[in-house]
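Asks: Here's a structure for you.
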Amino acid sequence: MEVSSPTPQTPQSDWQWNLWAGVLPILAMSPMLLYEAAALWSREYLRFFPLAIVWVAVLVGLQLRTSRGTTRPARRWSAIAMLAVGCSLYAYSVWIFSPRLAHLAAVLVFCAWALGRFGEKHWIEPVVWTAGLATASLLPWGWDQGILRGLLYISTWGTTATLDALAIPYVQNGSLIETRGLKLFTAEVCGGIGNFFSFATFSILLSATLRTSMLVTLKSLGLVVVWSVLADYLKMLTILLLQEFSGRDLTTGKDYQILGIMVILFVLLMIWQSLRFFTRVFAPIPVGDAEVGPAYAALNRMFCWPNAFPFENLEPKDDYEKARFRAAKEKREAELRGAPALNWRQSSLAVWSVRLSAIVCLVAMVFPIQSLGKQGLGGLSFGRSALEPEQIAKFGNVDVFPMTLSGGWQRIGQERTLRSHRSESGEHSFAWRYQAGERQLTASNDLPLQGWHDPIAQRERLGWKVLRSRTLTVDNWPWCEGVLENEFGGRTYVFYTLLELSGEPYVRLPEYLAPPTTLEDVPVEIAAANAQAENAATYQFEVVSEAAEALSPIELDELRSTFLNLRALTRQFPQ
């Protein structure tokens, strides 16, 4: 991807650009990026982002000494404009305290710096580096999780089709596949860093490392969808077949880890082979006939863009074509020599545009630093909390909930369930069972969780139909209720709320549950606390009651009242 510059930049200009367009803005964004790093690490499927950052840093570092800043005016001004947009976006992200927006601003600033610093490279190469960083980010409105669920649905369909072909009996409810000896929650076994986003990042950065053409890069990236589906399919099918024919459970322990590593390595190998395959398929075509030379030259440019195809500088053997070739070459060289050059340090407008952009970031940096200073780094949650056995045992205290409840409910039992640490419902569950006549209800504590957990949406993914659900808030403590129906017409009534591990109500509703709000001037300290609370360690209190038929309004009100009474008591568990 070599592009010659009309005149080289001076080392001083490069040093100044590195400082004002690179180091200072990224340094100023680091406090907000800490919040974003905590949010990314809390999603297992995005925990590969440090590897992506290191890979890009190595790519850039290996080429930094031999590169020179661009002197092409259009490219330099484009880089300055992108820098100004990124820094302005960062200032706005601090005002509304949005770490996700600050992440986007940092990506734009990196792209702007690289466009201005690596002048000898085609503009698309820094953009590809930036794309490798952008794939390791949260998408708005939950699109990232929607993409993963869509791909998992395809993998699950393929797995069940294979079980049908092998005549293996099973029952499927949404993302749950149950065979004679195993209940497989597909979302749990197919989680982790081996997913579409990590594979897409690998494909992009491997293409940048090998300097493949854009056509090869896009073709290989498109195949990542296939490899991601295949990875989940292989993992689920291997677990189910080994359980069916050998009775071996691969869903836990080292066996599961080894299986996951083998599947990831297989997919990475397939991505590498895809790059090699498309590189061979779209290799430049040698031109032997002068009459078809222009057509093949256009095809070669498309195959090799933005690289120069290897036959471009070979002189034709035909005398007429040779004369045309030399004339075109001299014209291109003359255009390069006469191209306007811009040393940004000699333009006061460029210098102050860059400096003011960096200064805006440095000024905005003060507010998140104050917030971190007041709340401390300990408030950042990087993944689920690791609880001591004594802490966990408190949430199963038998003395908190009474033996009898209003409405004639009598406690008939208590049980503790230990789930996989990957379970989205939490590793530990304590349940109390009550009965009134022929009706039963179960009250449970599930922990540890991170942020808000929606058991209604979780049941919907397992095949339940949500008839209605709503969110209510009493005394600034939100809770949700829903009515679900299974395929046989049975009803399940779900009431739930979340609390912090200290016993305080958890009030940070996700966007799809929260009522619409207007943008208000919220103090940075409060906004920062809210951002930290999105990933806070929590536990869920839930009341579930099943019924063969729909409950009457009176029965539903009684059930809701029972939930609210128990909800008030559940704050005592952490004490």
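Asks: Keeping all protein chains in place and using 1.4 angstrom, which order do L356, L152 fall into by accessible surface area, from largest down? The partial results should precede the final answer.
Replies: On the way: L356 95, L152 25 Å².
Solvent-accessible surface, decreasing: L356, L152.
Asks: Here's a follow-up. Roughly to the nearest percent, how much of the accessible area of the range 389-571 is carbon and sulfur, given a 1.4 Å probe? Write down the numbers at each step before the final one.
Replies: On the way: 4480 of 9010 Å².
Carbon and sulfur: 50 percent of the exposed surface of the range 389-571.
Asks: I would also like to ask the following. Order M82, M302, most accessible first, counting only protein heavy atoms with a 1.4 angstrom probe.
Replies: Working: M82 55, M302 105 Å².
Per-residue accessible area, sorted high to low, gives M302, M82.
Asks: Can you give me the long-range amide H partners of H428? Hydrogens built in the peptide plane at 1.01 Å from N, cutoff under 5 Å, separation of 5 or more residues or another chain.
Replies: R419, L447
Asks: Name the residues of the range 256-278 whose amide N is less than 17 Å from a point 7 angstrom out from the Cα of H421 along the C-beta direction?
Replies: From the range 256-278, the list is 256-261.
Asks: Additional query: Which Cα, out of G426, L449, A436, lies furthest along the positive dipole direction of the range 388-508 (beta carbon charges, K/R +1, D/E -1)?
Replies: A436
Asks: Here is a further query. Alpha carbon centre of the range 433-454 versus the range 18-76: separation in Å?
Replies: So the separation of the two Cα centres works out to 45 Å.
Asks: To the nearest 10 square angstrom, how much accessible area does F573 have with a 1.4 angstrom probe?
Replies: Number for this one is 0 Å².
Asks: Stretch E511-N343 to full length: gain in nm at 0.36 nm per residue minus the Cα-Cα span? Working shown, then result.
Replies: Values: separation 168, 0.36 × 168 = 60.48 nm, distance 4.72 nm.
In short, 55.8 nm is gained.
Asks: Pick out, in residue order, every one of the trypsin sites (Lys or Arg not before Pro) in the range 39-68 that is DSSP loop and has at most 16 other C-beta atoms within 10 Å; say none if there are none. Walk me through the numbers on the way to the answer.
Replies: Values: sites: R43, R47, R65, R68; in loops: R43, R47, R65, R68.
Sparse-neighbourhood loop trypsin sites (Lys or Arg not before Pro): R65.
Asks: Using a 1.4 Å probe, what is the accessible area per residue for the range 1-137, in Å²? Numbers along the way, then the final one.
Replies: Numbers: 5360 Å² over 137 residues.
Accessible surface, normalised per residue, equals 39 Å².
Asks: Report, in whole Å, the centroid distance computed from the Cα atoms of the range 341-362 and the range 209-259.
Replies: The distance from the Cα centre of the range 341-362 to that of the range 209-259 comes to 48 Å.
Asks: Continuing with the same structure: Dipole of the range 14-135 (Lys/Arg Cβ +1, Asp/Glu Cβ -1, origin at the Cα centre): which of L46, A57, S30 lies farthest to the positive side?
Replies: The residue sitting most towards the positive pole is A57.
Asks: Okay, moving on. Along the principal axes of its C-alpha atoms, what lengths does the range 389-571 span, in descending order and rounded to whole Å?
Replies: Cα extents, longest axis first: 53, 39, 31 Å.
Asks: Another question about this same structure. Show the residues, 5+ positions off or on another chain, whose built amide H is closer than 5 Å to the amide H of Q440.
Replies: Sorted by chain and number, the residues that satisfy this are E546.
Asks: Still on this structure, please answer the following. Check which residues have an amide H placed less than 5 Å from G119's amide H, if you skip close sequence neighbours.
Replies: So G119 has HN proximity to R68, G69, T70.
Asks: Ordering E36, E424 by how much accessible area each has at a 1.4 Å probe, largest first, what is the list? Write down the numbers at each step before the final one.
Replies: Numbers: E36 5, E424 60 Å².
Per-residue accessible area, sorted high to low, gives E424, E36.
Asks: How much FRET efficiency would the formula 1/(1 + (r/R0)^6) give for A283 and F245, where r is the Cβ-Cβ distance and R0 is 35 Å, rounded to 0.05? Walk me through the numbers before you get to the answer.
Replies: Details: r = 45 Å, r/R0 = 1.29.
That gives a FRET efficiency of 0.20.
Asks: Let me ask another. Can you give the charge dipole size of the range 389-571 about its Cα centre, rounded to the nearest 20 debye, using +1 on the beta carbon of Lys and Arg and -1 on the beta carbon of Asp and Glu?
Replies: Values: 17 positive and 26 negative charges, 99 e Å.
With Lys and Arg at +1 and Asp and Glu at -1, about 480 debye.
Asks: Could you state how much accessible area D14 has, in square angstrom rounded to the nearest 10, with a 1.4 Å probe and all protein chains kept in place?
Replies: The accessible area of D14 comes to roughly 10 Å².
Asks: Near Y90, within a Cβ-to-Cβ distance under 15 Å, what is the net charge of the other residues, with Lys and Arg +1 and Asp and Glu -1?
Replies: Numbers: positive: R100; negative: E36.
Result for the local shell: 0.
Asks: Would you mind computing, in nm to one decimal, how far apart the modelled labels at L462 and E504 are, each placed 7 Å from Cα along Cα→Cβ?
Replies: 3.2 nm
Asks: Which residue, chosen from V483, S561, F401, occupies the Cα position most advanced towards the positive end of the dipole of the range 389-571, where the dipole is computed from +1 (Lys, Arg) and -1 (Asp, Glu) charges on Cβ about the Cα centre?
Replies: Result: F401.
Asks: To continue, here is another question. Calculate the spin-label point distance for V225 paired with N565, positioning each point 7 Å from the Cα along the beta-carbon direction, and give it in nanometres.
Replies: So the label points at N565 and V225 sit 5.4 nm apart.
The values are calculated or read from the model by the stated rules, or taken from the named source; none is laboratory data. This one's a predicted model, so the numbers in the text were calculated from it and none came from an experiment. Every residue, glycine as well, gets a Cβ built from its backbone with ideal geometry; the counts of neighbours run over all protein chains shown. What goes into the accessible areas is simple: the full protein's heavy atoms, side chains included, and nothing from ligands, DNA or RNA. Shrake-Rupley method; radii C 1.70, N 1.55, O 1.52, S 1.80 Å.
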